[in-house]
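**Q** Before I ask anything, here is the structure I am working with.
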Amino acid sequence: MLSRSMIVGLLAASSVGSVWAQASACPCGGGSRLNQSQLAAALASRTVCAVTGTDRWQELHSGAANASTGPLLELGNKAGGETVGTWTINSGGAANTTVTYAYGGGNSYSYAVCEEGTGAVTARTYHFCGARNITNAKLVDGTGSCGVGYTRP
């Protein structure tokens with residue numbers, strides 16, 4: 001039989017887990033998830049400026065306008081950027097389109113992407129929902145600066 005303190009401990013652990021799950025939920029929904037053509041128009045030839053915890057990074061989705069695949073360049077360590085992998089949009093219909101990032105060593109991560117806001121692509125906020133939820137990312141044209149706190153050589 002479980003003691004009272006064990007039951008209280010289990011309840012506390014389950015409620016902490018539930019709060020964590022809610023806090024880490026990605027806000028894609030309500031029709032804001034990008035389909036294949038919208039995702040290509042948003043990402044191709046743009047840099048994603050993202051923050052997760054204390055990590056800040058800026059990755060350029062190299063490729064022609066509206067491309068659905070290309071090299072992925074990290075812009076924070078080397079002048080002109082450093083190729084760290086590839087990005088590919090996977091068409092799964094309007095509700096299932098994802099972008100997959102493949103890095104060296106066989107590591108790859110897929111994300112649904114949704115947006116908030118109106119106006120120019122660079123004026124909106126983007127959420128990458130998947131292996132690791134990345135919320136409130138911004139896009140800048142080309143190799144433009146992500147701003148204060150992002151290192152550039």
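The values are calculated or read from the model by the stated rules, or taken from the named source; none is laboratory data. Keep in mind that this is a model prediction, so the values were computed, not measured. As a convention, Cβ positions derive from the backbone with ideal geometry for all residues, glycine included, and neighbour counts pool all protein chains shown. For accessibility, only protein heavy atoms count, side chains too; no ligands or nucleic acids. Shrake-Rupley method; radii C 1.70, N 1.55, O 1.52, S 1.80 Å.
**Q** What residue, among those in the range 107-135 that are open to solvent by 70 Å² or more (accessible area, probe 1.4 Å) and not in a strand (DSSP E or B), is farthest from ASN90 (Cα to Cα)?
**A** Result: THR118.
**Q** Select from the range 136-153 the residues that are part of a loop (DSSP other than H, G, I, E, B) and within 25 Å of ASN96 (Cα to Cα) and list them in ascending order.
**A** none
**Q** In the range 133-153, how many residues are modelled with pLDDT of 85 or more and among the basic types (Lys, Arg)?
**A** Selection size over the range 133-153: 1.
**Q** Of the residues that make up the range 70-78, is at least one in a loop (DSSP other than H, G, I, E, B) and open to solvent by less than 60 Å² (accessible area, probe 1.4 Å)?
**A** Among the residues of the range 70-78, at least one is in a loop (DSSP other than H, G, I, E, B) and open to solvent by less than 60 Å² (accessible area, probe 1.4 Å), which makes the answer yes.
**Q** If you take the residues of the range 136-153 that are under 23 Å from THR88 (Cα atoms) and crowded, with 16+ Cβ neighbours inside 10 Å, which of them is nearest to the chain's Cα centre (by Cα)?
**A** Among those that are under 23 Å from THR88 (Cα atoms) and crowded, with 16+ Cβ neighbours inside 10 Å, it is ALA137.
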